[in-house]
Amino acid sequence: MSTFQTGTPCMQKLDPQKRVNYTYGMVLGVDEFKQEQTYLMAKDHSQYRLAHGYGTVCGLQVGISTATDLEVQICPGVAINPRGQEIHVQQKMCARLNDWLSTNQTTLAGIFGNPPLTLSLCVVLCYRECPTDTVPIPGQPCRTQQDAMAASNIADSFQLKLCLNEQQVASSPPQSPPIDSAVLNGLCFKPPQSEEDAIRQFGRLLHRIRIGNTASSVSQTELENLVRELENPDGPVTSPFTSPPVYGSAIYLSTEDAPEFLRAAFLVWVTEVRPRLAANSTGCGCNGPDEKCVLLAELTFQVSTLWQVVGAVAVDESHRPYLLESRLLQEWLLNQVGGGSGSSNVVAAGCFKLHSTTEALAMGPTLNGLTATEGPDPYTFYLDWGGPSPYVNPEKISPPALAYVVKGAAIGPLKGTNSLLVMGFADQGILVGVTEANPTGFMVEISEITGG
């Protein structure tokens, strides 16, 4: 007795770099139509991915609702995933956190231990395709009745997932799996964002650059090496200097050097760093990561011993990649023109309580880690800060390339005497004095003016 198998036509390998050369008299089949679709879709995807990036384009806001049950709600919207595929969510979507915890409590206990505990989950949106509209197709030899039916269309669809945050897991987790694979009994980790993280680090590096009439504090090679370090976005962008300059982490470029130096820095990003970031994900050059998903938000909450959410759910969308349309960028750039030769932004702020005439401690959070350390006299303090625009002694920059504006007031019981006096600039920070007769503290906001 012979064993027979269903005969299927041999499909040629689809190539996104080939298009069909239509010729009069050519016999067209499934191969040709699939190849044409592959070519056109690949062009759309590469244009999105290579020329624009990926992330949320419109909508998809993440919120928490307690109206009926504790739910994570995602508004309708559109995103581009790392492959350059459009993801459309056309109606509000909901996920019940307590139901998810109950379903996965055994797996979660094996990873994090028994509650109570703090859990961090990521809301992730993934692209998927759904064959639809099944129709009969002409029968061929060796075909079963099931083989005589086929989907006539493929619908673009999506999947929303709650994924674990790998930073919370003690052991090193695998990369985010393909959408249909099962990891840890159906659980998954949030998608990697190596290029997104590197782009943000590049933005911070560019923010450190000051262009003016002063001499350049780095060479072209040193600036290029700083860009090469972005291949490892988890590490800080370090200073290229063997001994730190008096300007801290700010990078100064002369007006003569700046165009050439910046062109060289962008060239290193395009020709070296970005291809390696893509290769780290796929092993194949500039094709982009083999990842169908994009991060929307990170959720943090407390889990009770009954595997239920206790208290409020914190929603953090700060790590979500997103894209601004070119029209908005055009208006933003146009509004930078004609408003004066310089720019100003708040670089530090905070409120401090006096514990003695020489000790001031922050009352709550401060902007960019603003500190107030003991000055040369009672009730005097040096204000210093870090962040992307750290303090630089403006008196040591010649010619002047930046200036600070300090706004503040003392806190005390006497009406009309609560003043904060700027006394000068030093390497330790801006020296201020509290002139209130019986001060209990002070508040301050510092702006930086550059480009004048």
Restraint check, LYS18/LYS43; LYS34/LYS292; LYS190/LYS292; LYS161/LYS292, Cα-Cα greater than 19 Å
LYS34/LYS292
Sort CYS126, CYS94 by Cβ crowding within 10 Å, fewest neighbours at the top.
CYS94, CYS126
Under the rule of at least 5 residues apart or a separate chain, name every residue whose amide H is placed under 5 Å from the amide H of GLY441.
LEU354, ILE411
Trypsin sites (Lys or Arg not before Pro) in the range 7-106 lying in a DSSP loop, each with at most 15 other Cβ atoms within 10 Å of its Cβ, come to LYS13, LYS18, ARG19, LYS92
Taking amide H positions as placed 1.01 Å from N in the peptide plane, with prolines and chain starts having none, which residues 5 or more places from LYS190, or on another chain, fall under 5 Å of its amide H?
LEU164, GLU166
Taking a straight Cα-to-Cα line shorter than 24 Å from LYS396, and setting aside same-chain lysines fewer than 8 residues away, one finds LYS407
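Counting other C-beta atoms within 10 Å, and keeping those with at most 14, which DSSP coil GluC sites (Glu not before Pro) do you find in the range 11-94?
On the way: sites: GLU32, GLU36, GLU71, GLU86; in loops: none.
Those that pass, being in a loop and sparsely packed, number zero.
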Non-local amide H neighbours of ARG83 (under 5 Å, H modeled in plane, Pro and chain starts lacking H): which ones?
GLU291
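Every number here is computed from the coordinates shown, using simple stated rules; none is lab data. Model, not experiment: these values are computed from the prediction. Note that we place each Cβ from the backbone using ideal geometry, even for glycine, and neighbour counts take in every protein chain shown.
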